[in-house]
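Contents: one structure, followed by commentary.
Throughout, read-outs are computed from the coordinates displayed, never taken from laboratory work. On a predicted model such as this, the values are computed, not experimentally measured, just so you know. Here Cβ is always computed from backbone atoms with ideal geometry, including for glycine, and neighbour counts include all displayed protein chains.
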Amino acid sequence: MPDPALVVLIGAAGSGKSTFAATWNPSQVLELDAFRAMVSDEAGDQQATADAVAAMRTVLEARLTRKKTTVIDSTNCERAVRAGLVQAARRHGVPTVAVLMGTPVSLCVIRQTARTPGRAVPADTVRAQHTAATAAFPGLRGEGFDHVVFADQLHRLEPLLQRASD
Ligand code: ATP
Ligand code: MG
């Protein structure tokens, strides 16, 4: 991966974005849920999304100005959201990397059941996000991403991790 880079994770709720993002330094990861919590005290408060996005974009601009590698940890399933991120990185001459989480939708849905009610995303929403993310994949280079990665092996660690903790 280039360094610096703007890494845009793309995947439904429960696809493992935050788990994967944890392989970077915490200060490099901008997690939308964390910004929602900062502005509203509730990570799952959808009413707080606009303010959370604005705050996140301010931090992103400050980091891109400094040419700092930054990971965007939100679903990024909407084309307009990705376009804004690509534009911001371009303005600062920072290369962009799209990482599509290849976790099966069934697993994304099952993982919601283990979450606290406030954090669980309804199955229909998860399915719609997954469909949008998958449909976006062939067009990501055309959207202006310099590199496109299909992260399809991450979830396969799960049975191994589970067995290790048994
Ligand atoms: P959201 O968009 O709702 O924030 P997310 O994409 O960030 O979801 P995570 O919170 O990272 O998803 O993962 C959901 C659940 O799946 C967590 O309980 C996490 O521990 C588990 N998980 C994610 N990736 C893996 C993995 N590779 N191996 C084992 N467990 C995983
Ligand atoms: Mg997350």
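Can you tell me which of Gly144, Gly16, Gly93 moves the most in a GNM of the chain? Springs connect C-alpha atoms under 10 Å apart.
Result: Gly93 has the largest fluctuation of those listed.
Taking Cα atoms, how many degrees apart are the long axis of helix 79-91 and the longest axis of the chain, rounded to 10 and kept between 0 and 90?
So the inclination is approximately 40 degrees.
Under the classification rounded if a/c is under 1.5, otherwise prolate if a/b is larger than b/c and oblate if not, where does segment 1-66 fall, given a ≥ b ≥ c as square roots of the Cα gyration tensor eigenvalues?
Verdict is oblate for segment 1-66.
Just want the ordering: Met101, Met38, from fewest to most Cβ atoms lying within 10 Å of their own Cβ.
Ranked by crowding around the Cβ, least crowded first: Met38, Met101.
Would you please calculate the Kirkwood hydrodynamic radius of segment 59-101 over all C-alpha pairs and express it in Å, rounded to one decimal?
10.8
Divide by every residue of the chain the summed helix terms, -39500 (n - 2.57) for each DSSP H run of at least 4, and state the resulting mean residue ellipticity at 222 nm, rounded to the nearest 500 deg cm²/dmol.
-13500 deg cm²/dmol
What are the semi-axes of the equivalent ellipsoid of segment 32-110, taken as the square roots of 5 times the eigenvalues of the Cα gyration tensor, listed largest first and rounded to whole Å?
22, 19, 10
Please compute the length gained on full extension between Ser106 and Arg141, using 0.36 nm multiplied by the number of residues separating them and subtracting their Cα-Cα distance.
My answer for the length gained is 9.9 nm.
Taking R0 as 30 Å, what's the FRET efficiency between Ala132 and Ser27 from their Cβ-Cβ distance, rounded to 0.05?
After rounding, the FRET efficiency stands at 0.55.
Gaussian network model of the chain, Cα springs within a sub-10 Å range: biggest mean-square fluctuation belongs to which of Gln112, Gln87, Gln46?
Highest fluctuation among the options: Gln46.
Please identify, among Leu60, Leu30, Leu107, the residue showing maximal mean-square fluctuation in a Gaussian network model of the chain using a 10 angstrom Cα cutoff.
Among Leu60, Leu30, Leu107, the largest GNM mean-square fluctuation belongs to Leu107.
Which shape class, rounded, prolate or oblate, goes with segment 1-159 when its Cα gyration tensor gives a ≥ b ≥ c as root eigenvalues, a/c under 1.5 marks rounded, and past that a/b bigger than b/c marks prolate?
oblate
May I ask you to work out the translational diffusion coefficient for segment 92-147 at 37 °C, viscosity 0.692 mPa s, via Stokes-Einstein with Rh from the Kirkwood sum over Cα pairs, reported in whole µm²/s?
Rounded, D is 252 µm²/s.
Relative contact order for the chain: what percent, with Cα pairs under 8 Å and sequence separation of 6 or more?
33
Please order Ile72, Ile10, Ile110 by the number of other Cβ within 10 Å, starting at the fewest.
Lowest to highest Cβ neighbour count: Ile110, Ile72, Ile10.
Taking H as built 1.01 Å from N, whose amide H comes closer than 5 Å to the amide H of Val7, not counting residues under 5 places away?
Thr70, Val71, Ile72, Val97
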